[in-house]
Ligand code: SF4
Ligand SMILES: [Zn+2]
Ligand SMILES: [Zn+2]
């Protein structure tokens, strides 16, 4: 699967839950939302090898 | 995870509420909870005229959308600061706001361009005032002044901003770290209009996590500006938010309790010895708005 967050991209070959994937990229689930194929997914969802996943940061400044 | 209401796949799990909801029921929940906060803190009534400060970001567009869904008379105000360093931030956020407004035909959007009206962009003003490192305090003065000015001129009695729980908890954290008693007294979901020429200020989203307002715009397909104002980089508020988010991760509900229990303690008398939300006000001789200053208000001094 391909995961993008801000300007970075990661590739993982194995199936992972959203929670495991966020741990791998070192991001707290409270600070992001995860979108697969245009749909929001919860932390327990399984991500499959072919998935395209976008991690959206939600903490803003200013 | 399944939606608690209908059993369909959930799109969000809110650990602090032990609640997961689907794409159909989550927006309903946001609308209902906003209505609840409006009632609980007595923010405004159906007959009030509300001006929503919109920046093109997720919180303010979500707030405008929800207030319209609840049937309130809510128009928008976009303040163009002329922030075009870093590739046209003001231009893009303005376009995003206009696009949203065009999808809501019964609403009005007021647009104020600071460079056009006052002859200087925020960056130019910051340079002249030797505050280029952190123009945010100048920005705050300008936004507060212009929001109130337009509200008064156009007949709105309520000013609504999209501050969410993460914003409020971070402000509270900073205020407590420095024991800013004056700020703590004034911090809350409602700042009453106690004085001529001031609109009542409200924060209907103060109990929503930032993650929830972001999920709302994503689920509703509202296009918002994801990028930050270039001056937000390195802001202390972001560091405070990150600290609080780590605490939230370890113990869900931390931010909500921190904020809500502060409000409760205040209601029970904490900080109440001189419990006046606003100090004595005079009228600024130049712009006529209420001010605590002896002479010109802080806003008018910026341009003199
Ligand atoms: S980050 Fe600072 S300068 Fe930019 S909009 Fe926010 S307060 Fe204004
Ligand atoms: Zn449902
Ligand atoms: Zn003035």
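Read-outs: derived from the displayed coordinates by stated rules, not from any lab. Not measured: the values here are computed from a predicted model. Note that we place each Cβ from the backbone using ideal geometry, even for glycine, and neighbour counts take in every protein chain shown.
How high is the FRET efficiency between residue B:130 and residue B:13 when r is their beta carbon distance and R₀ equals 45 Å, given to the nearest 0.05?
Values: r = 48 Å, r/R0 = 1.06.
In this case the efficiency is close to 0.40.
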* **Span per principal axis, largest first, for the Cα atoms of the protein assembly as shown (Å)** => 68, 47, 44
* For labels at residue B:303 and residue A:28 in the simple 7 Å Cα→Cβ model, what's the distance in nm? -> 4.2
* Structure fact -> Helix B:165-177: inclination vs chain B longest Cα principal axis, degrees, rounded to 10, gives 60
* Asked: What span do the alpha-carbon atoms of the stretch B:42-303 cover on each of the three principal axes, reported in whole Å from largest to smallest?
  -> 47, 47, 43
* To do: For the stretch B:184-292, evaluate the Debye formula with one uniform point scatterer on each Cα (no solvent term) and list log10 I(q)/I(0) at q = 0.17 Å⁻¹, rounded to two decimals.
  => -1.12
* For the stretch A:1-48 and the stretch B:186-230, compute the distance between their C-alpha centroids and round to whole Å. => 28
* Asked: Quick one: helix B:85-102 against the long Cα principal axis of chain B, what's the angle to the nearest 10°, folded into 0 to 90?
  -> 60
* To do: Calculate for chain B the 222 nm mean residue ellipticity that helices alone would give, adding -39,500 (n - 2.57) per DSSP H run of length 4 or more and normalising by residue count, nearest 500 deg cm²/dmol.
  => -14000 deg cm²/dmol
* Asked: Given the options B:156, B:209, B:226, which has the most mean-square fluctuation in a GNM of chain B, springs set between C-alpha atoms less than 10 angstrom apart?
  -> B:226
* In the P(r) worked out for the stretch A:2-57, what percent of Cα pairs fall beyond 16 Å? -> 28
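Can you give the mean number of other chain Cβ atoms that lie within 10 Å of the Cβ atoms in peptide B:237-248?
On the way: counts 4, 4, 1, 1, 4, 3, 0, 2, 6, 3, 1, 3.
Across the residues of B:237-248, the mean count of other-chain Cβ atoms within 10 Å is 3.
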* With everything on Cα atoms, drop me the angle between helix B:236-250 and the longest principal axis of chain B, reported from 0 to 90° to the nearest 10. => 20
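Hey, got the average number of other protein chain Cβ atoms within 10 angstrom for residues in A:47-58?
Average neighbour count from other chains, rounded to a whole number: 2.
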* **Separation in nanometres of the label points that stand 7 Å from Cα toward Cβ, at residue A:43 and residue B:242** => 2.0
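Taking the beta-carbon count within 10 Å as an exposure proxy, list B:295, A:4, B:161, B:254 from fewest neighbours to most. Present the calculation step by step, with values, prior to reporting the outcome.
Numbers: B:295 11, A:4 15, B:161 22, B:254 18.
Fewest to most other Cβ atoms nearby, the residues stand as B:295, A:4, B:254, B:161.
Extension gain residue B:233-residue B:95, at 0.36 nm per residue separation less the Cα-Cα distance, in nm? Don't skip to the answer; put the middle values down first.
Working: separation 138, 0.36 × 138 = 49.68 nm, distance 2.23 nm.
That works out to 47.5 nm of additional length.
In peptide A:30-42, how many Cβ atoms from other protein chains are near each Cβ within 10 Å, on average? Let's see the in-between values first.
Values: counts 16, 9, 2, 8, 0, 2, 0, 0, 2, 5, 11, 6, 9.
Rounded to a whole number, the mean comes out at 5.
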* At R0 = 35 Å, FRET efficiency that the Cβ-Cβ distance of residue B:40 and residue B:293 yields, to 0.05 -> 0.55
